[in-house]
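Step one of this worksheet: look at the structure below.
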Amino acid sequence: MATQTDAGLMVPVIRNAQSMNVWQLASEIVRLAEAARSGKAKSEELSGSTLTVTSLGPLGGIATTPVINRPEVAIIGPNRVIERPVIRNGEIVAALDKTIVLPHGRKLLDQLVENRGPYNAATDQAIALAYAGDRAGAARLLREYRRAAAAAGRA
């Protein structure tokens, strides 16, 4: 979770976000942001992440590409909601639109391409595990499916 501080941008890590409800998540976001802004964030609260969520919408961004915080695999960046013309029932009308970008690292793309074919569901599961913070589980799942692909003569 990207957080603007007097010392610059800091990225505190929300651990086990997948097991939190929306209220617990909101509480943890507030706690980590306050710790980062006050300079009291611990080193373990600033490392070990898999994915960053940032929002450039409040700054007016409508077409941005946030930079990945290495060694993470991706960053999700929702932009500002704006009105755009769309066609509905043959008529041009105004509609609210929001662009969400998901820049990702080359490793993630390589793993997706490497696991194409009947193993796409496994790749999707591995990506979900990686985004949830379970890098070891994602790596294990991809290794298992690579072995299965090799046994099936696809490797």
Calculated P(r) tail over 18 Å for segment 3-101, as whole % of Cα pairs: 58
At 0.36 nm per residue, minus the direct Cα-Cα distance, what do VAL81 and LYS40 gain on full extension? Give it in nm, one decimal, please. 11.4 nm
Can you tell me which of 67-79, 90-102 comes out highest on packing, and rank the rest after it, using the mean Cβ neighbours within 10 Å? 67-79, 90-102
Placed amide H near VAL53: partners under 5 Å, 5+ positions off or other chain: ALA2, ILE76
Long-range amide H partners of GLY61 with built H, under 5 Å: ARG80
Going residue by residue through segment 21-37, the Karplus relation 6.51 cos²θ - 1.76 cosθ + 1.60 with θ = phi - 60° gives ³J(HN,Hα) values, rounded to whole Hz and with x marking Gly or Pro, of 7, 4, 6, 5, 4, 4, 5, 5, 4, 4, 4, 5, 5, 5, 4, 5, 5
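Taken together, the values in this text are just the output of simple stated rules run on the coordinates, not laboratory data. Given the structure is predicted, the values throughout are model-derived calculations rather than measurements. We place every Cβ from the backbone using ideal geometry, glycine too, and count neighbours over all the protein chains shown.
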